[in-house]
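What follows is a single structure, written as structure tokens, with notes after it.
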Amino acid sequence: MKGRTIALDQWDGREAAALLVDGQLEDLLIDADLPRPGSIYRGVVERPMKGQGGLFLRTPDGNAFLRQVKGLSPGDRLLVQVTGYAEPGKAIPVTTRLLFKSRYAIVTPGAPGINVSRQIRDDELRDELLEIAHEAVAESPLPEGAGVILRSSAHPDAADAIMDDLLAMSGLARAVLADTEGDAELLVEGDGPHALAWREWAEPAEVDEGEGAFDRHGVSDAVEALRRAKVSLPTGGSMVIEPTSALVAVDVNTGGDTSPAAGLKANIAAFRELPRQLRLRGLGGQIVIDPAPMVKKDRRQIESVLKAALKTETTETVVAGWTTLGLLELQRKRDRVALKDLI
């Protein structure tokens with residue numbers, strides 16, 4: 001099936017959303033029984049963590065950990081936002097840099113100014129969007145010291161929707177920033193899979209929602225395939241992706257190809273596919289790749305292939321470099337729960 005399709009369904013009673021491009025599963029979101037990224041709390045300072053440059057906060061959903069803060073004492077109240085899913089046995093990661101994000105706009109407390117995403121390069125479009133933003137801000141002023149960013153999905157043709165987004169986010173920001181008194185409380189719950197699909201998968205797509213949507217588009221079969229560690233590559237080779245408690249190990253193999261360029265071909269195919277596999281499997285943290293055998297001079301080429309594949313990723317991923325043993329290391333933000341823990 002050609003084109004983009006968004007399937008909104010349930011997985012074992014959990015809200016779930018899938019994005020397919022030309023029939024291939026490109027992204028998958030399944031709700032977890034954990035505080036969602038984007039949730040905003042009024043937290044209560046409990047104790048600093050000396051040597052770690054942070055402190056613990058009390059929230060209704062358990063302890064949260066805030067890095068790089070000074071001048072706070074036990075009992076102080078402050079607003080924090082969840083930045084990712086907590087690892088088992090660890091505190092919820094939070095930040096004081098709040099973002100109020102919708103489909104077309106982001107309100108940014110502490111970062112004043114009206115801006116347009118750098119991905120929109122057409123000067124005429126940028127001017128039209130800035131005009132819409134200024135009109136919305138005039139109608140509903142932003143909180144003091146706050147700014148707004150129009151996202152890459154914004155277009156003048158959707159002026160009414162952009163205005164609605166800006167007014168809604170501005171109003172929400174004002175209400176939350178004023179709500180600083182009281183005990184620990186959840187002020188804003190982060191978006192679930194269906195809301196995230198609407199917010200983040202903004203390009204035109206056919207939307208199929210309701211019971212059976214996953215089966216109608218082959219999502220269920222694709223999810224079952226993700227249970228397996230082995231991923232077949234178009235070259236005839238394969239890669240094996242195995243998460244451990246410390247890191248994610250990726251092993252690339254040439255398969256039955258015995259030609260001199262077999263290693264390079266398998267590695268190129270694997271590095272092009274790896275970001276999609278990590279995204280679908282919800283894997284992050286330290287990732288160590290053992291490429292198929294190849295000459296050392298080919299490292300730069302396959303590293304360039306990987307970096308090009310990562311450019312479209314919304315999850316921050318850093319290519320750390322090569323080890324003495326010829327392994328390539330990545331560091332990827334943990335912004336999802338591992339799929340193996342959800343299915």
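The values are calculated or read from the model by the stated rules, or taken from the named source; none is laboratory data. None of the values given here were measured: they were computed from a predicted structure. With ideal geometry, Cβ positions are generated from the backbone for all residues, glycine too; neighbour counts draw on all protein chains shown. These area figures cover heavy atoms from the full protein model, side chains too; ligands, DNA and RNA do not enter into them. Shrake-Rupley method; radii C 1.70, N 1.55, O 1.52, S 1.80 Å.
Here are a few things to note about the model shown:
- Being farther than 20 Å from residue 20 by Cβ and open to solvent by 60 Å² or more (accessible area, probe 1.4 Å) is a property that residue 256 has.
- Yes/no for residue 5 being within 22 Å of the chain's Cα centre (by Cα), of a type in the set (S, T, N, Q) and at pLDDT below 95: no
- Top-ranked residue in the stretch 259-298 [being part of a strand (DSSP E or B) and more than 14 Å from the chain's Cα centre (by Cα); ranked as surrounded by the most Cβ atoms within 10 Å (Cβ to Cβ)]: 289
- In the stretch 77-91, the residues that are among the hydrophobic types (A, V, I, L, M, F, W, C) and in contact (Cβ under 8 Å) with a residue 40 or more places away in the chain: 78, 79, 80, 82, 86
- Applying the criterion of being β-branched (Val, Ile, Thr) and in a loop (DSSP other than H, G, I, E, B) to the residues of the stretch 303-327, the residue that is nearest to residue 273 (Cα to Cα) is 312.
- Within the stretch 1-38, the set of residues being without any contact (Cβ under 8 Å) to a residue 40 or more places away in the chain, in a strand (DSSP E or B) and either in contact with a helix residue (DSSP H, G or I) (Cβ under 7 Å, 6 or more places away or on another chain) or closer than 30 Å to residue 90 by Cβ (or both) is empty.
- Scanning the stretch 92-111 for residues being in a strand (DSSP E or B), touching a residue at least 60 places away in the same chain (Cβ under 8 Å) and over 16 Å from residue 154 (Cβ atoms) gives a total of 1.
Per-residue answers, yes or no, for (1) of a type outside the set (A, V, I, L, M); (2) in contact with a Lys or Arg (Cβ under 8 Å, 6 or more places away or on another chain); (3) free of Cβ contacts under 8 Å to residues at least 12 places away in the same chain; (4) closer than 25 Å to residue 25 by Cβ:
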{"site": "235", "(1), (2), (3), (4)": "yes, yes, no, yes"}
{"site": "243", "(1), (2), (3), (4)": "yes, yes, no, yes"}
{"site": "255", "(1), (2), (3), (4)": "yes, no, no, yes"}
{"site": "265", "(1), (2), (3), (4)": "yes, no, no, yes"}
{"site": "275", "(1), (2), (3), (4)": "yes, no, no, yes"}
{"site": "278", "(1), (2), (3), (4)": "no, yes, no, yes"}
{"site": "287", "(1), (2), (3), (4)": "no, yes, no, yes"}
{"site": "290", "(1), (2), (3), (4)": "yes, no, no, no"}
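- Of the residues screened, residue 86 is not one that is under 26 Å from residue 342 (Cβ atoms) and assigned to a strand (DSSP E or B).
- Residue 281 at pLDDT 95 or above and under 27 Å from residue 223 (Cα atoms): yes
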